[in-house]
4 protein chains.
Amino acid sequence: MIIVLKPNTTPAEMEHVLDRIRELGLKPHLSQGEHRTIIGVIGDENKLQAEPLEAIAGVEQVLPIMKPFKLASREFSKQDTIVTVGRVKIGGGAMAMIAGPCAVEGAEILDEIAGHVKKAGANILRGGAFKPRTSPYSFQGMGEEGLKILRDVGRKYGMPTVTEVMDPRQVELVARYADMFQIGARNMQNFDLLKEVGQAKKPVLLKRGMSATVKDLLMSAEYVLAEGNPNVILCERGVRSFEDSTRNMLDMSAVPNVKGQSHLPIIVDPSHATGRPDLIPSMACASIAAGADGVHVEVHSCPEKALSDGPQALLPPRYAELMLQMKKLAEVLGKTISKT
Amino acid sequence: MIIVLKPNTTPAEMEHVLDRIRELGLKPHLSQGEHRTIIGVIGDENKLQAEPLEAIAGVEQVLPIMKPFKLASREFSKQDTIVTVGRVKIGGGAMAMIAGPCAVEGAEILDEIAGHVKKAGANILRGGAFKPRTSPYSFQGMGEEGLKILRDVGRKYGMPTVTEVMDPRQVELVARYADMFQIGARNMQNFDLLKEVGQAKKPVLLKRGMSATVKDLLMSAEYVLAEGNPNVILCERGVRSFEDSTRNMLDMSAVPNVKGQSHLPIIVDPSHATGRPDLIPSMACASIAAGADGVHVEVHSCPEKALSDGPQALLPPRYAELMLQMKKLAEVLGKTISKT
Amino acid sequence: MIIVLKPNTTPAEMEHVLDRIRELGLKPHLSQGEHRTIIGVIGDENKLQAEPLEAIAGVEQVLPIMKPFKLASREFSKQDTIVTVGRVKIGGGAMAMIAGPCAVEGAEILDEIAGHVKKAGANILRGGAFKPRTSPYSFQGMGEEGLKILRDVGRKYGMPTVTEVMDPRQVELVARYADMFQIGARNMQNFDLLKEVGQAKKPVLLKRGMSATVKDLLMSAEYVLAEGNPNVILCERGVRSFEDSTRNMLDMSAVPNVKGQSHLPIIVDPSHATGRPDLIPSMACASIAAGADGVHVEVHSCPEKALSDGPQALLPPRYAELMLQMKKLAEVLGKTISKT
Amino acid sequence: MIIVLKPNTTPAEMEHVLDRIRELGLKPHLSQGEHRTIIGVIGDENKLQAEPLEAIAGVEQVLPIMKPFKLASREFSKQDTIVTVGRVKIGGGAMAMIAGPCAVEGAEILDEIAGHVKKAGANILRGGAFKPRTSPYSFQGMGEEGLKILRDVGRKYGMPTVTEVMDPRQVELVARYADMFQIGARNMQNFDLLKEVGQAKKPVLLKRGMSATVKDLLMSAEYVLAEGNPNVILCERGVRSFEDSTRNMLDMSAVPNVKGQSHLPIIVDPSHATGRPDLIPSMACASIAAGADGVHVEVHSCPEKALSDGPQALLPPRYAELMLQMKKLAEVLGKTISKT
């Protein structure tokens, strides 16, 4: 931690700052420059975390030099974490190919879609049973009935499943049916929910919030890890921006950015990021070239009749074609698509 | 709803679009231009809400022309809604002056702060017992103990209270102690929580999410209203932006923007919006001139010892001074500060 | 300047960093902590400005502690700068009320508008002769003919004039006719243009770029000041954001933010910031309460026939009404509207 | 164009709107719905471009349905444009590999860098002689001397050259020495400069502005095309965002987004987009997988002594390694790297 004092700080003010630091059991280290005095604080920076040092008279700036997350940090583990969902490995060169409809809408249609994506090479089946919808008047998901359908179809095709959980009260129910929790972008900082899935011990697919920095995302992962659940997979799915021709802005650099700072796997969801089927395939390919540990794509056999986010779904033949391209890229880059 | 067809749509594709519209019991109305064909859809636009029309072959764009919220809309009520918290009226010319520390940290310190803000003219006491913190290692709030202290201090000074609720499971508990729920920015789209406070019937202070548009904010209010709770107060508290010298960017125009579209009261929180005590007073004054129905300010007698967000708190004397200025502005603008 | 070294920096790497600092005639000051080593650099920080220290092996972060602008800084002048345009004073409690159409479209219509705004109390007349338009097919302004009309109408009503200059080659021409240059948002970092108006010695109204931080704005002012022209007035006119119901997002906190860091006057342009006549009046009032040194409003007697940005113009009666409100606020806040 | 009327528009107001449309030689087409009346306007939408229809009483919304650019549009040319710089072809499957230092700093160092990048496989040499710097006190470039050095070194290695032009007055000078103009992000909407390079007939590398939408970028290209210069190459180089760990946010989806709407080639500059050498290689690879027509990378043999943007430059060996990876990807994707 570095503390920069204002140009006209009095000696008494400076002493007061030094006292506060010593009270916390830390050692201040003074550098007096021509224009500014700076104080380096030596010791456990975390003790200062909750301290509102900037509120002290005479303090101009407080500059943390340590990262605020620990268990999620690359320093904590040099080796890439590999998360296992069913028999699918994610991370360390193995990729998750998650596909399926936005929402579970019925057994027959899910069975049809699952058959297609499995054949194309997808290894995890997705489908929402609880849907976060902007409007209270939109379809809110099939609930437990949807969870059952997802589990049954997943079993039939030998694919582990992932589905969103939105409420801490649903965690137990969802855990009974699905192989991986999804925490949606809107709930990335729903801290009670994060704690609850942290205690549930099943893998968690944590999506980046629409205005979350990479650091915020890693801090939210830290909430899950701190509860004892090490199986966190991060997901870049676009952030809010001024660009109005895409649903969100896909921050592709988040992939290597996360990998430099953390040992956790990160996948990309080009469907929610762009909201446009014409952009999804090239963004899926780019994600693999960027080093992502997987790609999450919405697929629907009849997007125009989908009950949720139909327009952004790929048709099964387009997905199969994309998968061929992704496999070629994976091969060149020495990555493998995990078996189910 | 207006549907724009692509330039080279076939007659069969066009027929298919028209059929889909008629299937929903709506009436399509065709306009064929030189370069594009457009279809106006007449009837209840809400029927089309969940319809992924953009996924239909031949459709280029779907343009809704109705606002997606109803109960929150100005069309629903020409008259400004006045929400009553304790005996404090908010809206229709009456202003809430909410003040207090970020977090409840103990009975003594809260009593001291409450005494100061009450004397200065604040009419609602705030203080968090459950705190959403970016880091799992930061102070998470005093919980029920904090709620009790807040209630007791509020009673002593005759001030109704507001405190954050983060988890649907806490709603009942919080309702037992506080006069108004606060839904924080991070939970603006925590839809299960919105439904829960919608059923609880106590007033709700709904803060704008960090990347929420004004429309998103009104849609979230609609979730509460749709459950039968009409007592919603909106709060502008800044959004994420590229500007790095303030904590968030205060979108002052949200005040008249909301008032044009909705009958609900809206207040401003310059403390979280700017994160800087040197900017808070002028932003508080500007909020009143912009037409806000109240101002929410964090006040702490010792910001440097506060357990949460200390640096952004005003000292009691600065708050008292600000209140004098705000009263003068209120007077000129024909507004009143509600009595407790 | 503070330099933070990576955790595993070798002694040789550290020595190399120290050598580079000494080569620049500066004095490094070492603090070795538990987890990181930091180097405080003492001496003229500007020497390090152009130095890519972050590229040196072993360096993790470089943290400047001095502001990069000088002549624009509050440290350079404790006293507020007062800029004089014609006889109108701006800054130090005196406010500019700039009004007029977006573009000069003809003598008759400008005369009509000028008569209205002068009567309402405006003290500076605006109107564009060179228009930066997104489309090459839109009206690009009347050029010199427009400049003449603006000058003549300004003289008739005794109002100094301001008009945009977009090209360094136009500076001399514009200087011949107008009393103040306007540098538009799109040209805030057109550095050759800034240098040119810096040499021209007439007052400069410098608008904030659409993605410029407050620091960027002050750095651009520094370009003008560094050429010897001290007459710079800053203008907040909204920045790009994800909010799609307003043209830009008005960053009201830029007003006190600039005033804390700089002695230069700052005004607000709610017309371009919001693009919506229904929001302009309340944002104009809020600007005054925020401490702005003036307000810039587009006024047109027939917005629907305006050749540029008609929809965001106020009608003259609405402007007159707004001016009454602004005068009342100015009075309460101890500000004056400068005489022409 | 579609015009939506307000719910309570009077018949007289509606007639007035219809009259305005007819006055422009266009045909209005009325659809009266339950809640709203909409008017489809048939005929040349461009006639309405400059018309402030939204300012007419009774009008709620004006929705354009045609794209505002023409010469840049995919409708104008189904076939990909191939731009030739020296003998290097860009577009239609052929890729530009632009490399070199941020600024030309001297003959010797440029020669050294050029030797390295040429050997690695780069086909165009870059280097700035006029530098847009945020601070007036930073190195502003070597000017004509730098242009000469760039030309000479380019000739020696048989590489065409690209360099930035910032001022319309420099266009002729720059054209004398360089093979392609670069218009920097800060000047993307410097319309006089765009017109000037449009008349100069040499290829133009047009970088996306920091807050420009894809549509804005294409409108700026339209300025160059409209002057008769068809040789425009677009460049994605990141936009401003709230993410503070990268210099800008690389909008990778701009690549397929542009390609869907326009026939012009588009390349990616991961150096300016991320500002971080640790992220550049994976973003360069991702760009190729996304379908970019080239990659622009800053390379310097001694980033720590570079006079401009040193920290974001790759070292020559890292660039050579990256080029091997990019060649493998290009091969898999059926792209070629153009010969010099």
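Couple of notes before you dig in:
- When region D:97-112 is filtered for residues that are farther than 20 Å from D:SER138 by Cα, touching a residue at least 60 places away in the same chain (Cβ under 8 Å), touching a helix residue (DSSP H, G or I) at 6+ places or on another chain (Cβ under 8 Å) and not small (Gly, Ala, Ser), only D:MET97 remains.
- The single residue among B:ASP293, B:ASP278 that is closer than 21 Å to B:ILE233 by Cβ and either without any contact (Cβ under 8 Å) to a residue 12 or more places away in the chain or out of contact with any helix residue (DSSP H, G or I) (no Cβ under 8 Å at 6 or more places or on another chain) (or both) turns out to be B:ASP293.
- Matching entry among D:ILE288, D:ILE267 (being within 24 Å of D:LEU315 (Cα to Cα) and part of a helix (DSSP H, G or I)): D:ILE288
- Looking only at region A:230-258, and only at residues there that are of a type outside the set (A, V, I, L, M) and not in a loop (DSSP other than H, G, I, E, B), the one that is farthest from the other protein chains (Cβ to nearest Cβ): A:CYS235
- Residue check for A:SER211: small (Gly, Ala, Ser), under 13 Å from the mean Cα position of the chain (by Cα) and open to solvent by 10 Å² or more (accessible area, probe 1.4 Å): yes
- Tally, over region C:305-340, of residues that are touching a Cys at 6+ places or on another chain (Cβ under 7 Å) and of a type in the set (Asp, Glu): 1
- Enumeration of residues in region D:113-132 that are basic (Lys, Arg) and in contact with a helix residue (DSSP H, G or I) (Cβ under 7 Å, 6 or more places away or on another chain): D:LYS118
- Every residue from region A:305-329 that is facing chain B (nearest Cβ under 8 Å), open to solvent by less than 30 Å² (accessible area, probe 1.4 Å) and out of contact with any Ser or Thr (no Cβ under 9 Å at 6 or more places or on another chain): A:ALA306, A:GLY310
- Which numbered condition C:ARG240 fails, given (1) under 30 Å from B:ASP216 (Cα atoms); (2) charged (D, E, K, R); (3) open to solvent by less than 20 Å² (accessible area, probe 1.4 Å): (3)
- Among the residues of region A:95-108, the ones that are acidic (Asp, Glu) and surrounded by fewer than 21 Cβ atoms within 10 Å (Cβ to Cβ) come to 1 in all.
- Looking only at residues in region D:72-81 that are under 15 Å from the mean Cα position of the chain (by Cα) and farther than 28 Å from D:ILE39 by Cα, the one that is nearest to the other protein chains (Cβ to nearest Cβ) is D:ALA72.
- Filtered by the rule that a residue be in contact (Cβ under 8 Å) with a residue 12 or more places away in the chain and open to solvent by 30 Å² or more (accessible area, probe 1.4 Å), region C:7-27 gives C:PRO7, C:THR9, C:THR10, C:GLU13, C:MET14, C:HIS16, C:LEU24, C:GLY25, C:LYS27.
- Single condition A:SER271 does not satisfy, out of (1) within 14 Å of chain B (Cβ to nearest Cβ); (2) open to solvent by 40 Å² or more (accessible area, probe 1.4 Å): (2)
- D:GLU196 being modelled with pLDDT of 95 or more, of a type in the set (Asp, Glu) and open to solvent by less than 10 Å² (accessible area, probe 1.4 Å): no
- Within region A:296-310, the set of residues being among the aliphatic types (A, V, I, L, M) and in contact with a strand residue (DSSP E or B) (Cβ under 7 Å, 6 or more places away or on another chain) comprises A:VAL297, A:VAL299, A:LEU307.
- Against the list (1) under 18 Å from the mean Cα position of the chain (by Cα); (2) within 18 Å of D:ILE233 (Cα to Cα); (3) free of Cβ contacts under 8 Å to residues at least 40 places away in the same chain, the condition D:ALA175 fails is (1).
- A Cβ distance below 7 Å, combined with a sequence gap of six or more or placement on separate chains, defines the contacts here; from region B:205-224, residues that are aromatic (Phe, Trp, Tyr) reach residues that are open to solvent by 10 Å² or more (accessible area, probe 1.4 Å) in the pairs B:TYR223/A:PRO136; B:TYR223/B:LYS195.
- Here is the figure for region B:67-94: residues that are open to solvent by less than 60 Å² (accessible area, probe 1.4 Å), among the aliphatic types (A, V, I, L, M) and part of a loop (DSSP other than H, G, I, E, B) total 2.
- Annotation: C:MET249 fulfils all but one of (1) touching a strand residue (DSSP E or B) at 6+ places or on another chain (Cβ under 9 Å); (2) open to solvent by 10 Å² or more (accessible area, probe 1.4 Å); (3) in contact (Cβ under 8 Å) with a residue 24 or more places away in the chain; the unmet one is (2).
- Scanning region A:119-162 for residues that are in contact with a Lys or Arg (Cβ under 6 Å, 6 or more places away or on another chain) and within 14 Å of chain B (Cβ to nearest Cβ) yields A:PRO132, A:GLN140, A:GLY141.
- Test result for A:GLU227, within 14 Å of chain B (Cβ to nearest Cβ), farther than 22 Å from A:ALA94 by Cα, open to solvent by less than 10 Å² (accessible area, probe 1.4 Å) and charged (D, E, K, R): no
- Looking across region C:274-285, just one residue is buried (at least 23 other Cβ atoms within 10 Å of the Cβ) and assigned to a loop (DSSP other than H, G, I, E, B), and that is C:LEU279.
- Residue within region C:229-237 that is of a type in the set (A, V, I, L, M, F, W, C) and over 13 Å from C:ASP269 (Cα atoms) present: yes
- Every residue from region C:109-135 that is open to solvent by 30 Å² or more (accessible area, probe 1.4 Å) and either within 27 Å of C:LEU324 (Cβ to Cβ) or at pLDDT below 95 (or both): C:ILE109, C:ASP111, C:GLU112, C:HIS116, C:LYS118, C:LYS119, C:ARG133, C:THR134
- D:HIS296 being open to solvent by less than 10 Å² (accessible area, probe 1.4 Å) and either of a type in the set (Asp, Glu) or more than 10 Å from every other protein chain (Cβ to nearest Cβ) (or both): yes
- Residue in region D:236-246 that is in contact (Cβ under 8 Å) with a residue 60 or more places away in the chain, out of contact with any His (no Cβ under 7 Å at 6 or more places or on another chain) and of a type outside the set (Val, Ile, Thr) present: no
The values are calculated or read from the model by the stated rules, or taken from the named source; none is laboratory data. Quick caveat, the model's predicted, so the values are computed rather than measured. All Cβ positions, glycine included, derive from the backbone under ideal geometry; neighbour counts span all protein chains shown. Protein only, heavy atoms only, side chains kept; ligands, DNA and RNA dropped before computing areas. Shrake-Rupley method; radii C 1.70, N 1.55, O 1.52, S 1.80 Å.
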